[in-house]
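Before any comments, here is the structure.
The values are calculated or read from the model by the stated rules, or taken from the named source; none is laboratory data. Not measured: the values here are computed from a predicted model. Reconstructed Cβ throughout: ideal geometry from the backbone, glycine too, with neighbour counts over all protein chains shown.
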Amino acid sequence: MKRHSLDRRNLALRLGAVPLAMLGAAWSLPGFTAQEGKRLAIITPYQSSPTTTEMIKSVVAYGATQGWKTNVVDTRGDMGQMVARFEDAVSSKVDAIVVVSIDAARIKAQVKAAQAAKIAVFGCDSTYVTGMTATAVSDDAAMSRLITNRLFEAMGDQGNVVVFTHRPHPGVLLRTNEFFDLLKQHPKIKLLTEKHVDVPGPIESARKSMESLLLANPQKGSIVGVWTAFDDAAIGATQAIMAAGRNEIVVTGVDGATQAVDLIRKKSPLVATVKQDFVEMGRRVGEQITRSFNGQPATATRIDVPAKLLTAANLS
């Protein structure tokens with residue numbers, strides 16, 4: 001028993017365990033099936049994002065119902081550390097690994113190593129690579145089409161547009177690429193600039209960038225629309241626009257974050273977002289992990305979770 005406790009402690013230290021209240025009693029729950037005690041590592045560079053935290057909470061909550069021992073690792077935007085922590089999880093012989101909000105192409109070699117060690121790898125809001133069991137995602141290209149078309153409509157299909165994005169995130173990259181494909185079909189809308197949003201700290205990063213853009217473009221009509229690939233950026237840009245009294249500018253986002261939805265309801269410059277079902281994403285991943293632990297194949301390698309356009313009209 002003492003050796004078992006020491007091994008568990010070493011595992012937590014090596015994986016960089018995050019002492020979150022959301023982990024609750026997932027480490028020790030009585031009365032479970034044969035899955036009780038299975039060890040699950042959840043690794044992400046973006047835990048500071050509320051939407052990422054929502055997905056992690058959902059996976060952890062599902063695991064608690066199964067008696068899994070869940071451990072969350074946040075590398076705070078550091079992709080190199082993410083790879084290292086994944087390798088630590090494989091070395092520690094966990095039973096399964098979930099990567100949240102990453103481009104899995106960055107860990108192809110590590111996924112192969114996990115596969116060789118008979119450790120199942122799952123994605124949540126992450127891309128899929130050979131060797132993974134399954135990933136649950138929203139259709140990023142479809143979400144981008146929804147939000148981009150809404151923005152262009154709100155702009156009257158003309159004027160300068162600003163783009164806020166974070167290309168290292170795989171979903172954000174897909175949305176951004178789709179935006180630029182659609183932009184080619186609207187010749188009267190011109191790209192003023194594209195801005196990278198820092199993570200952690202995306203709201204502040206977008207707000208500061210937008211403040212600078214407004215100072216550089218003080219005339220009304222010099223900026224007509226702001227396209228953001230995720231709501232944190234939309235919230236920051238909207239805050240700067242409102243503070244400058246430039247409410248003629250329209251903004252759109254993606255995620256359906258509570259603060260973004262509140263701004264839409266208040267008829268702020270933020271006019272629309274797309275609500276992703278992050279709780280359902282986490283639950284779907286949990287179901288696939290259960291199947292894996294039971295020796296069953298995944299229902300699909302890519303599991304699409306529907307998303308919905310939110311505007312002032314359908315929110316009221």
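Just the residues that are charged (D, E, K, R), surrounded by 15 or more Cβ atoms within 10 Å (Cβ to Cβ) and under 30 Å from Gly245 (Cα atoms), please, taken from region 266-316. Answer for region 266-316, where residues must be charged (D, E, K, R), surrounded by 15 or more Cβ atoms within 10 Å (Cβ to Cβ) and under 30 Å from Gly245 (Cα atoms): just Lys275. Return yes or no: is Thr176 over 14 Å from the mean Cα position of the chain (by Cα), buried (at least 18 other Cβ atoms within 10 Å of the Cβ) and either assigned by TED's automatic domain parsing to the domain that holds Gln288 or in contact (Cβ under 8 Å) with a residue 60 or more places away in the chain (or both)? No. Scanning for something surrounded by fewer than 18 Cβ atoms within 10 Å (Cβ to Cβ) and not in a helix (DSSP H, G or I), does region 235-244 turn up at least one residue? The answer is yes, given that some residue of region 235-244 is surrounded by fewer than 18 Cβ atoms within 10 Å (Cβ to Cβ) and not in a helix (DSSP H, G or I).
Could you please let me know if Arg283 is outside the structural domain of Pro218 (by TED's automatic domain parsing) and of a type in the set (Lys, Arg)? So Arg283 passes the test. As a summary of the residue check, Leu310 satisfies the conditions (1) assigned by TED's automatic domain parsing to the domain that holds Leu214; (2) touching a Gly at 6+ places or on another chain (Cβ under 8 Å); (3) not in a helix (DSSP H, G or I) except for the one numbered (1).
Each row is one residue, and each column tells you yes or no for (1) assigned by TED's automatic domain parsing to the domain that holds Phe122; (2) touching a residue at least 60 places away in the same chain (Cβ under 8 Å); (3) within 26 Å of Glu280 (Cβ to Cβ).
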residue: Val59; (1), (2), (3): yes, yes, yes
residue: Val72; (1), (2), (3): yes, no, yes
residue: Thr75; (1), (2), (3): yes, no, yes
residue: Ala89; (1), (2), (3): yes, yes, yes
residue: Lys93; (1), (2), (3): yes, no, no
residue: Ser101; (1), (2), (3): yes, yes, yes
residue: Ala104; (1), (2), (3): yes, yes, yes
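Selection within region 114-164: residues that are part of a strand (DSSP E or B) and among the aromatic types (Phe, Trp, Tyr). The member of this set that is surrounded by the fewest Cβ atoms within 10 Å (Cβ to Cβ) is Phe122. Within region 280-316, the residues that satisfy the criterion of being in contact with a Lys or Arg (Cβ under 8 Å, 6 or more places away or on another chain), of a type outside the set (S, T, N, Q) and within 22 Å of Ala41 (Cα to Cα) are Gly282, Phe293, Pro297, Ala298, Ile303. Within region 179-217, can you find the residues that are among the acidic types (Asp, Glu) and touching a Ser or Thr at 6+ places or on another chain (Cβ under 6 Å)? The answer is Asp198, and nothing else.
Yes or no: region 185-203 includes at least one residue that is among the small types (Gly, Ala, Ser), assigned to a loop (DSSP other than H, G, I, E, B) and surrounded by fewer than 20 Cβ atoms within 10 Å (Cβ to Cβ). Yes, region 185-203 has at least one match.
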